[in-house]
Amino acid sequence: MIEVVCIEHPVASNLLVHLRNKRTTYYNFRQNLDRLSYILAVYCLAHLNGKKVKIDTPLSPAKGIITIDKVILVPVLRAGIGLVKGFLDLYPKAVVSHIGIYREESTLKPVRYYFKYPKFKNKKNLFTIVLDPMIATGGSMIDTINALKEIGLKNIFVASLLCAPEGINAISREFPGKNIKIRIFTFSIDKNLNKKGYIMPGLGDAGDRYFGT
Ligand code: PRP
Ligand code: URA
C-alpha cells in the first residue's frame, strides 16, 4: 500500500525552480539540492516515534519527548547521495545503508550492483528512509523496496524530489497489499515520462547535474 505526500512549501518551490533551470551550474544545483534535503528530512522525520522523559533545566524539572527509532537512510547510488546531507545534519545518529542501482539505458530496467543493510535481530523500531531524487519509471525504487522487503521490513519511507505519474502507478501496482506500507514524500508529481524515460518537465539527469559529470 502506498501513500504519496506532495510537500508544498514556498522555500522548496524557490529551490526547485533553480534545480529545474538548465542554466543552473552544477555547484549551484548541488547547493540547492542539499537545501531541499533538509525540507524532506523535516517532513519524513516528523513521523518518528518517541518516549516521554523527565529532565532538569538549570531552573526546574521539565518533561520532554525523545525519539526511540533507529533511523536507517538508504541512498540509491549515485544521485541519492545528494539527499543525505539534510537528514544526517538533522539526525546525526542515522545509519547510512547504500544501495547501488543504475538504469540500463536501452531497457530502462534497474541493475543492482551493491547493497549493504545492517543486521538487526529486532526490526520493531527501525525507521528506514530510501533517498532518491527521481522516481521515473519506478523501476529503481521497486527494486530498492524489494531488497528491503526481502530482509523483513514492512514500513518504508521514501524521500524524493520529483516523481512521474508512471513511476507512482508502477510502485502502487507492485505493492498493493497491506503487508507493506510505503510513504513517499516528494515536491512534485510531474507531467509524464518522455520516450527515453526522463521525467517531463523534470530537471534532467539528477546524478550528472549533482556531480558535474
Ligand atoms: C536515476 C535516479 C533513479 C533512477 C530513476 O539514476 O537517481 O535512481 O534514475 O529512474 P527509474 O525510476 O526509471 O528507475 P540513474 O540510473 O541515472 O543512475 P545514477 O544515479 O548512477 O546516475
Ligand atoms: N533519472 C534522472 O536522473 N532523471 C530523470 O528524469 C529520470 C531518471
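The values are calculated or read from the model by the stated rules, or taken from the named source; none is laboratory data. These numbers come from a predicted model, not from an experiment. Neighbour counts run over all protein chains shown; Cβ positions are idealised from the backbone, glycine included. With ligands, DNA and RNA removed, areas are computed over all heavy atoms of the protein, side chains included. Shrake-Rupley method; radii C 1.70, N 1.55, O 1.52, S 1.80 Å.
What to note about this one:
- Taking 0.36 nm per residue of separation and subtracting the Cα-Cα distance, full extension of the segment from LYS54 to LYS196 would add 45.5 nm.
- Translational diffusion of the stretch 2-211 was estimated from the Stokes-Einstein equation, with Rh taken as the Kirkwood radius over Cα pairs; at 37 °C and 0.692 mPa s the coefficient is 184 µm²/s.
- Comparing mean-square fluctuations of THR137, THR25, THR186 from a GNM of the chain with C-alpha springs under 10 Å, the top value falls on THR25.
- Accessible area per residue for the stretch 2-211 is 54 Å², calculated with a 1.4 Å probe on protein heavy atoms, without ligands, DNA or RNA.
- Proximal charge balance of PRO165 [Cβ under 10 Å; K/R count +1, D/E count -1]: -1
- Rounded Å value of the spacing that divides the Cα centres of the stretch 167-213 and the stretch 45-117: 19 Å
- Axial C-alpha extent at least 18 Å, average Kyte-Doolittle at least -1.0 - helices from the chain (DSSP): 26-45
- Result for the chain in a Gaussian network model with C-alpha springs under 10 Å: among ILE66, ILE184, ILE145, the largest mean-square fluctuation is at ILE66.
- Residue order for TYR43, TYR27 - accessible surface, 1.4 angstrom probe, largest first: TYR27, TYR43
- Trypsin sites (Lys or Arg not before Pro) restricted to the stretch 21-118 and DSSP loop, no more than 11 other C-beta within 10 Å: LYS22, ARG23, LYS93, LYS116
- Lysines whose Cα lies under 19 Å from that of LYS54, excluding same-chain neighbours fewer than 8 positions away: LYS63
- Taking Cβ atoms as reference points and 12 Å as the exclusive limit, the residues near ILE65 contribute a net charge of +4, counting Lys and Arg as +1 and Asp and Glu as -1.
- Listed residue (PHE29, VAL96, ASN125) projecting farthest to the positive dipole end of the stretch 21-133, Cβ model: ASN125
- Accessible-area composition of the stretch 4-67, carbon plus sulfur, in percent [1.4 Å probe]: 55 percent
- Inverse of mean 1/r across different Cα pairs in the stretch 4-45, Kirkwood, Å: 10.8 Å
- Within the listed set ALA12, ALA79, ALA62, the Gaussian network model of the chain (springs between alpha-carbon atoms below 10 Å) gives the highest mean-square fluctuation for ALA62.
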